[in-house]
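The values are calculated or read from the model by the stated rules, or taken from the named source; none is laboratory data. Just so you know, these numbers come straight off a predicted model, no measurement behind them. All Cβ positions, even for glycine, are placed from backbone atoms using ideal geometry, and neighbour counts span all protein chains on display. For the accessible areas, the whole protein counts, side chains as well, though only heavy atoms, and no ligand, DNA or RNA atoms are used. Shrake-Rupley method; radii C 1.70, N 1.55, O 1.52, S 1.80 Å.
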Amino acid sequence: MEDRVRLFESHRPRMFGVAYRMLGTKADAEDVLQDAFLRWRTSDIDAVQSHEAWLVTIVTRLCLDRLRSAKRERETYVGPWLPEPIMTDHLASPELRLELANEVSVAFLAVLERLGPEKRAAFLLREVFDYDYPEIAHMLGKSEAALRQMVHRAREEVREARPRFSVAAETRERLLEKFIAAAASGDRAAVMALLAEDVEYVSDGGGKVVAALKVLRGPERIGRLYYAIARSYAGLAYRLVRVNGELGAVCVYEGSLFSIFSFRITGDRIAGIYVIRNPEKLAGIPVETLGV
């Protein structure tokens, strides 16, 4: 049994990476891994040709079942849905930090949410985890031709979440430093100057706290919003942190975590602001670790 547990744990980072990208929450991903382990412990692993492929197949199928059963819950969610954020610098495992280093941004996962469960799984396994088409077809129980078509369509749908040009880390940091300073002061003009013309603002409060119930678009509306926020919540403190593998921000109010920000950057402007305020998605992040 010790060898069986050790084998399972050696593949945990990959399994968690698949499950989190599929489901968008840490708790659901961990639940899936627990279910996968229960199957693993009673399986004939000596007959398994590839332990990783077997485990990823089980995790993928469990995620598909969970997504299908959660469809109604997602449809009745109050306001926009965003994934639960992960403070990647605080992950204990270097292997898990590496597994979540790429293609895990909040903007990317939010776009994946628009895909059906099987299309999402096919896209992730091919485009993010680089499995071969025959292998994925076996995992999902699809023909290879159908799978290729599914991946092609998914690739077209998520293209908008991937920036056309990479932004240097220094450029991103300078831009976001200016943004949090402008947001903290409520300087509407300063906020607007940092935003792209087609910028979108997505806020997830889950119906539990005050948050925009629809996506806001355009610098003018977002500039007015931050002007109002600064005057309604005097003393908001912002700090840059790494969120889901890239530089984002946190906001603390009266000693409590108020929100976590992720951004999509295009050139030298902010093209997307993604704000997680749902307390259930912030509950596992200790304020004392944020340095605010």
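Can you give me the angle between helix 51-69 and the longest principal axis of the chain, using Cα atoms only, in degrees from 0 to 90, rounded to the nearest 10? Rounded to the nearest ten degrees, it is 60. Accessible area per residue (1.4 Å probe, heavy atoms of protein chains only) ranks 262, 43 as 43, 262, with the largest value leading. Relative to the longest principal axis of the Cα atoms of the chain, the long axis of helix 144-158 lies at roughly 10 degrees.
The range 136-233 has equivalent-ellipsoid semi-axes of 37, 19, 12 Å, by the square roots of 5 times the alpha carbon gyration tensor eigenvalues, sorted largest first.
The Cα atoms of the range 77-147 give a gyration tensor whose axes a ≥ b ≥ c have a/c of 1.5 or more with a/b no greater than b/c, which makes the shape oblate.
Rounded to the nearest 10 degrees, the angle from helix 26-41 to the longest Cα principal axis of the chain is 10 degrees.
For the range 28-110, the alpha carbon positions stretch 48, 33, 17 Å along the principal axes, listed from largest to smallest. For the range 234-292, the C-alpha radius of gyration divided by 2.2 N^0.38 Å, with N the number of residues, is 1.13. Sorting the segments 184-194, 113-123 by their mean number of nearby beta carbons within 10 angstrom, highest to lowest, gives 113-123, 184-194. Here the simple spin-label model places points 7 Å from the Cα toward Cβ, and for residue 178 and residue 44 these points are separated by 6.5 nm.
Principal axis extents of the Cα atoms in the chain, from largest to smallest and rounded to whole angstrom, are 64, 40, 38.
Compared with the direct C-alpha span, the chain from residue 89 to residue 187 gains 32.2 nm at full extension, assuming 0.36 nm per residue. Each of the peptides 20-27, 244-251, 127-134 was scored by the mean count of other Cβ atoms within 10 Å over its residues; in descending order, highest first, they stand as 244-251, 20-27, 127-134. At a 1.4 Å probe, what is the % contribution of carbon and sulfur to the accessible area of the chain? Accessible surface attributable to carbon and sulfur in the chain totals 49 percent. Dividing the helix sum by the residues of the chain, where each DSSP H run of 4 or more adds -39500 (n - 2.57), gives a mean residue ellipticity at 222 nm of -14500 deg cm²/dmol.
Sorting the segments 6-15, 57-66 by their residues' average number of neighbouring beta-carbon atoms within 10 angstrom, most packed first, yields 57-66, 6-15.
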